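Here's the structure we're looking at; comments come further down.
The values are calculated or read from the model by the stated rules, or taken from the named source; none is laboratory data. Remember, predicted model here, so these are calculated numbers, not experimental data. Cβ: placed from backbone, ideal geometry, glycine included. Neighbour counts: every protein chain shown. Note: accessible area is taken over every heavy atom of the protein model, side chains too, but ligands, DNA and RNA are not part of it. Shrake-Rupley method; radii C 1.70, N 1.55, O 1.52, S 1.80 Å.
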Amino acid sequence: MSDSQILLPGDHISWTYLLPNLRIWKVQEAPSFAAQKAAPSVPLCLLFCLEGGIQIVLEHGQTIDVTPQDILLLSPAAPVQEISQTDASQHGYIVLEGKESLPSFLNYWSVPYSQLQEKDILSRLQAHGGWLLFPKCLWSNAFFAQLEDLPREAQGEYCALKSIELLFLLCNHSLHPLEFHGRRYWDQDQMEAIRQTHDYILAHLSQPLTIDSLARRFHISGTFLKEGFRQMYGQSTRKFLQAKRMDLASDLLRRTDQSVLQIAAAVGYESASQFSQIFKRHYKLPPAQYRRQWAKRNV
């Protein structure tokens, strides 16, 4: 997408939501692009892939593969040559763009001294060739799930609000895009190994799990496991494992009469004190107090 190109929605538009200098639309086919006069300020495009998939070919032969629940951030600096659909199934994309889309985004977040800064976003984009791809992760899972539950007339505004959140998380290094040598260089076996690791963690929260043991089980390197897991799921294996263990622990505290020691063991901790420290850091209450407060609220 050179300095004078802009994405177009195609012929199958489901809905359009208009804001000053910004439009949001849902389409059932891959958007195309067309030449336009250069905008006075920096255009920006966010593409949410609901289903199906597209492939974007850049000037030097590099490709960007966008699959369901991926989010693509494009600026005019991205040298897009071609956009095509890669999946024959149903397609759905939500696109936010406009001649002054970045300033328009930021106008909705007027908090003084905010860390959401236009220069930081543009710097990240420039360092990555004008595009950033956010693969499916816990944040996007929640976004797409909530989107489906909203009435059609609320979806446009919701996308605008979540776009601001995405840019804020990007500026704070809390949401991680793929690096230059990201998913498009992985083969199917490597991607499947990461998925299997993810599923194995969820099924074995009570067991001692380490990067080394998981890497050996799925015949991949520990370095690749750490990098691949973060890129596919948006957070480190350690944070993911700890969050899922705490989710299970809170559920057991609410639903069962098991002791804190029993619950600690059920979520992979040999020490009740270590478990209690982590639980308190996560929920701001020790396990026993968490259980009592839950019981009081549900009498």
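Per-structure values
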item: Matching residues, the range 283-299, being free of Cβ contacts under 8 Å to residues at least 24 places away in the same chain, of a type in the set (A, V, I, L, M, F, W, C) and either in contact with a helix residue (DSSP H, G or I) (Cβ under 9 Å, 6 or more places away or on another chain) or closer than 22 Å to Gln242 by Cβ (or both); result: Leu285, Ala295
item: Subset of the range 167-190 [open to solvent by 20 Å² or more (accessible area, probe 1.4 Å), at pLDDT 75 or above and part of a loop (DSSP other than H, G, I, E, B)]; result: Asn172, His173, Ser174, His176
item: Yes/no for Lys119 being free of Cβ contacts under 8 Å to residues at least 60 places away in the same chain and open to solvent by 60 Å² or more (accessible area, probe 1.4 Å); result: yes
item: Selection within the range 243-261 - more than 30 Å from the chain's Cα centre (by Cα) and loosely packed, with under 13 Cβ neighbours inside 10 Å; result: Arg255, Thr256, Asp257, Ser259
item: Every residue from the range 264-298 that is assigned to a helix (DSSP H, G or I), open to solvent by less than 90 Å² (accessible area, probe 1.4 Å) and either in contact with a Pro (Cβ under 7 Å, 6 or more places away or on another chain) or of a type in the set (D, E, K, R) (or both); result: Ser276, Phe279, Arg291
item: Strands (runs of 3 or more DSSP E) lying entirely in the range 31-150 (those with 3 or more residues that are at pLDDT 75 or above and in contact with an Asp or Glu (Cβ under 9 Å, 6 or more places away or on another chain)); result: 45-51, 54-58
item: Test result for Asp247, acidic (Asp, Glu), farther than 21 Å from Asp70 by Cβ and out of contact with any strand residue (DSSP E or B) (no Cβ under 9 Å at 6 or more places or on another chain); result: yes
item: Pair list, Cβ < 8 Å and 6+ apart or interchain, from the range 251-273 residues that are on the phi > 0 side of the Ramachandran plot to residues that are open to solvent by 40 Å² or more (accessible area, probe 1.4 Å) and not hydroxyl-bearing (Ser, Thr, Tyr); result: Gly268/Gln207; Gly268/Pro208
